[in-house]
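The values are calculated or read from the model by the stated rules, or taken from the named source; none is laboratory data. These numbers were taken from a predicted model, which means no experiment stands behind them. Cβ: placed from backbone, ideal geometry, glycine included. Neighbour counts: every protein chain shown.
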Amino acid sequence: MTSDDDRPGDPGPRDEPAPISWEALAAELAATREVAASRGEDDPAAWDAVAAELAARVSDLPVEEPEVAPVPLEDDGDTPATAPAPEPEPETGAEPEQVPEALELLDPDELRGGLEALLFVMDDPVDEVTLAGALRCDLIQLRTGLAELAAGYDARSAGITLRRVGEGWRLYTREEHAGVVERFLVDGQRSRLTQAALETLAVIAYRQPVTRARVAAIRGVGVDGVMRTLISRGLVSEVGSDPDSGGGLYATTPLFLERLGLTSLADLPELAPLLPETSTVLDEHPDS
């Protein structure tokens, strides 16, 4: 019995199609079109058959992949054939990593004293993170110190108490002593100003804004205590800082005008009629 491969007349294995260039296909297509046009057979259906035959021939062509030239590497005799991995470039503008400062474990007495000093100068409640940063201790030790400080005030019935308000801590006067504080403030507001306070207030009123040093130079004596009295009475307040010396500048308040019955500083009386004669000053102070 003969196999299919041994049948007479079998053409044998199919030969690989010869490569055909695109130029040859274009020339053959143009020649076929000219023959069809000369015969009057320029039929779209006929062109579809020709296109199908050309497509079948093109699909049988072997596809040649383009060769990629290898990238030459520098060879110094010991370098392997593989390219080294590129080193990561540093980010532009990146700041160097900062090592956090080590926190200290404070002595209990040092922690308590530092807390009292900070809370005393704070006008508003201060949060635990701010306190820990100022004392350079961790939050656990800080919270322990705050609790012990508050318990110590309560244990000895101190005049002040430490309270937590919102997210912060603040010192307050104890409620049991509210009557003493109120009596002091009310009586202080009703007491008359001393001659020194009145003189200092007059200098500020006519020379404002003015620094404490300038007021002291005009009066010839220190005015720190008198200034505290005027500020506590609400007659004088700080309004800025001197650009030359950096000292605080002080001026009178609206309460000052209200107490004197004035609508503005322009209503202050002129100083010239109130000043003594030059001869009188020389007689009293011959060395000036």
Tally the residues that are among the aliphatic types (A, V, I, L, M) and either on the phi > 0 side of the Ramachandran plot or in contact (Cβ under 8 Å) with a residue 40 or more places away in the chain (or both), restricting the search to the range 222-251. 2
Pick from the range 230-270, criterion polar (S, T, N, Q) and in contact with a strand residue (DSSP E or B) (Cβ under 9 Å, 6 or more places away or on another chain), ranking: modelled with the lowest pLDDT: Ser245
Looking at (1) out of contact with any helix residue (DSSP H, G or I) (no Cβ under 8 Å at 6 or more places or on another chain); (2) of a type in the set (Ser, Thr, Tyr); (3) in the same structural domain as Gly240 (by TED's automatic domain parsing), which one does Thr200 not meet, given that it meets all the others? (1)
